[in-house]
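Below you'll find the structure, written out as structure tokens, and then a few comments.
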Amino acid sequence: CIRDRTNTVQYVSPKMAGISLVANTTISGNDEETNGIGVRWSNKSFMAYGDYIANDDDDAMKLGGKFSAKAFSVGLQYEMLEDAAGNESDFIFASGQFNINSNNAIILTAGMRDDTFAGGGDADSTGVAVAYNHKLSKMTNVYVGYGDRSDEDGITAVTDKDAGGDESLLTFGIKKKF
């Protein structure tokens, strides 16, 4: 599975007509180095993107977009992942944000995941979340959120691990920009 990398070199081209290209690679000295390429397009209200990343074992692709207005924003993203064993995962994720005023927002998300295993079988999961975000200042936010995920057959990943089916989560925190 493609994981976060710490030794990454990335190039983002200057925007031309709202389009920029992104290329990245990791330098780790082992077989799990990744290479990726992407394209972004944006204007005042719309953003669209596509990315591809791969290493010796896995490859992944995502496509998505977002529309933003003063009072709200909506987004949609689709991802595909295939590992060396032939296991495949498809994800679709939708999000929306309603800005109550300049300091307060309600965020809603929903997503589905479909796993197909090379050895046979598949598993599906769905999830929803809601959060409330409050800006204390330009550099500090506080938030509280609730999420719920329901897994068919208790399988949550292409590694075929049993996670016990359904999960729910309550989260809260503070985000400080430096």
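The values are calculated or read from the model by the stated rules, or taken from the named source; none is laboratory data. Owing to the predicted nature of the structure, the values given are computational and were not obtained by experimental measurement. Cβ coordinates were reconstructed from backbone atoms using ideal geometry, including for glycine residues, and neighbour counts include every protein chain displayed. Please note that ligands, DNA and RNA were not included when accessible areas were found on the heavy atoms of the full protein model with its side chains. Shrake-Rupley method; radii C 1.70, N 1.55, O 1.52, S 1.80 Å.
Could you pull out every one of the strands (runs of 3 or more DSSP E) wholly within region 1-111 that has 1 or more residues that are in contact with a Phe, Trp or Tyr (Cβ under 8 Å, 6 or more places away or on another chain) and not hydroxyl-bearing (Ser, Thr, Tyr)? Walk me through how you get there before you give the answer.
Values: elements: 8-12, 19-26, 35-42, 46-54, 59-68, 72-82, 88-101.
Passing ranges, in order: 19-26, 35-42, 46-54, 59-68, 72-82, 88-101.
Among 81, 63, which is the only one that is in contact (Cβ under 8 Å) with a residue 60 or more places away in the chain and within 16 Å of the chain's Cα centre (by Cα)?
The unique qualifying residue is 81.
Looking at (1) crowded, with 17+ Cβ neighbours inside 10 Å; (2) over 22 Å from residue 63 (Cα atoms); (3) free of Cβ contacts under 8 Å to residues at least 24 places away in the same chain; (4) among the small types (Gly, Ala, Ser), which is the only condition residue 137 fails?
Against the list (1) crowded, with 17+ Cβ neighbours inside 10 Å; (2) over 22 Å from residue 63 (Cα atoms); (3) free of Cβ contacts under 8 Å to residues at least 24 places away in the same chain; (4) among the small types (Gly, Ala, Ser), residue 137 comes up short only on (1).
Please verify whether region 51-63 includes one or more residues that are closer than 29 Å to residue 109 by Cα, open to solvent by 50 Å² or more (accessible area, probe 1.4 Å) and among the charged types (D, E, K, R).
Within region 51-63 (the criterion being closer than 29 Å to residue 109 by Cα, open to solvent by 50 Å² or more (accessible area, probe 1.4 Å) and among the charged types (D, E, K, R)), the answer is yes, since at least one residue qualifies.
Which of the residues that make up region 108-127 are in contact with an Asp or Glu (Cβ under 7 Å, 6 or more places away or on another chain), open to solvent by 40 Å² or more (accessible area, probe 1.4 Å) and more than 20 Å from residue 62 (Cβ to Cβ)?
Hit for region 108-127 is 122, nothing else.
What tally of residues in region 75-107 results from selecting those that are open to solvent by 60 Å² or more (accessible area, probe 1.4 Å), among the hydroxyl-bearing types (Ser, Thr, Tyr) and more than 30 Å from residue 136 (Cα to Cα)?
So the first thing to find is which residues in region 75-107 are open to solvent by 60 Å² or more (accessible area, probe 1.4 Å), and the list is 76, 78-80, 82, 84-85, 88, 92-93, 97-98, 100-103, 106.
Subsequent filtering for residues that are among the hydroxyl-bearing types (Ser, Thr, Tyr) retains 78, 102.
Right, trim to more than 30 Å from residue 136 (Cα to Cα) and you get 78.
The qualifying residues number 1.
Taking the condition hydrophobic (A, V, I, L, M, F, W, C) and within 18 Å of the chain's Cα centre (by Cα), does residue 54 pass?
So residue 54 fits the description; yes.
Is at least one residue of region 1-14 modelled with pLDDT of 95 or more and surrounded by 13 or more Cβ atoms within 10 Å (Cβ to Cβ)?
no
Residues 107, 100: which one is among the aliphatic types (A, V, I, L, M) and free of Cβ contacts under 8 Å to residues at least 12 places away in the same chain?
100
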